[in-house]
Amino acid sequence: MAKTIITEGKTTNEAIEKGLKELNVSRDAVEIKVLENEDKRSFFSILAPRIVKVELTLKDVKREHKINKEVKMIPKKEIILSGDEQQKAKENLEKFLKDFIEKLPENTTYTVETAEDYIHVNIMNEKLGYLIGYRGETLYSLQNILTAIAGKGVENKVRVILDIEGYKAKREKTLEELAEKVAKTVIRTRKNIKLEPMQAYERKIIHSTLQKNDKVETISIGEEPNRRIVISLKK
């Protein structure tokens, strides 16, 4: 049976935070129900201490694990771009990038390479850290913009993969090392470890790295953009 607790606070957020601390979990690991809202107060209770009660119930991790396994079993249909579609997408991107590069530091260059299932864009200049952002957040936002631009006038969905100054290769190595390190900690302590929220691309690296590890398993829990990985011992 799922664990449920009731906590109190002067505000809804305070009550929720108390519950999360007591359960030692993050917000996306529980279902929250407000039992008494601070806004629903009568005239006669105006002088009484303000108390909000919330009910926190731990989500069924096993059920989420089952759902994730079922989703993984459904093969994704690969979208293949025709030669004309690849050319159109490339022209869209180059038209945008030509003007965009002029606003970046001097000596910035870019390449656009086409393939049947994606378009790869690489922007190069060691002074472009601000275009990468914290843990690649800005880079992924720019990648979404380029995806929308590339798809103009193209019937099939265009997938754009953006890299800036080799960031993704460096990040991939960092995540692989993190996965191995955390797996060793899980094996040693026999306790689950929940990683911080990551992009889908980064979660895939963690899953792939530990896929062949016969002692631990990985599942993704939560909703975007706070979806994260839990690494635990295999049952």
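The values are calculated or read from the model by the stated rules, or taken from the named source; none is laboratory data. Everything numeric in this text was worked out from a predicted model, so none of it was measured. Because the Cβ atoms are built from the backbone with ideal geometry, glycine has one as well, and the counts that use them run over all protein chains shown.
Overview of values
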{"quantity": "Tabulated pairs, the range 168-188, first over 28 Å from Q143 (Cα atoms), second surrounded by 15 or more Cβ atoms within 10 Å (Cβ to Cβ) and of a type in the set (G, A, S), C-beta under 7 angstrom, 6+ apart or interchain", "calculated": "V186/S232"}
{"quantity": "Every residue from the range 124-178 that is modelled with pLDDT of 90 or more, surrounded by fewer than 15 Cβ atoms within 10 Å (Cβ to Cβ) and of a type in the set (F, W, Y)", "calculated": "Y130"}
{"quantity": "Selected residue (only one of K62, K90 is modelled with pLDDT under 85 and either of a type in the set (K, R) or in the same structural domain as K152 (by TED's automatic domain parsing) (or both))", "calculated": "K62"}
{"quantity": "Failed item in (1) modelled with pLDDT of 90 or more; (2) farther than 30 Å from I193 by Cβ, with K77 passing the rest", "calculated": "(1)"}
{"quantity": "Close pairs from the range 126-154: first touching a residue at least 24 places away in the same chain (Cβ under 8 Å) and more than 19 Å from T174 (Cβ to Cβ), partner in a helix (DSSP H, G or I) and of a type outside the set (K, R), Cβ under 6 Å, at least 6 apart", "calculated": "I149/N92; I149/F96; A150/A89; A150/N92; A150/L93; K152/N92; V154/E85; V154/A89"}
{"quantity": "Count - residues of the range 77-103 that are surrounded by fewer than 19 Cβ atoms within 10 Å (Cβ to Cβ), out of contact with any strand residue (DSSP E or B) (no Cβ under 8 Å at 6 or more places or on another chain) and over 22 Å from L128 (Cβ atoms)", "calculated": "8"}
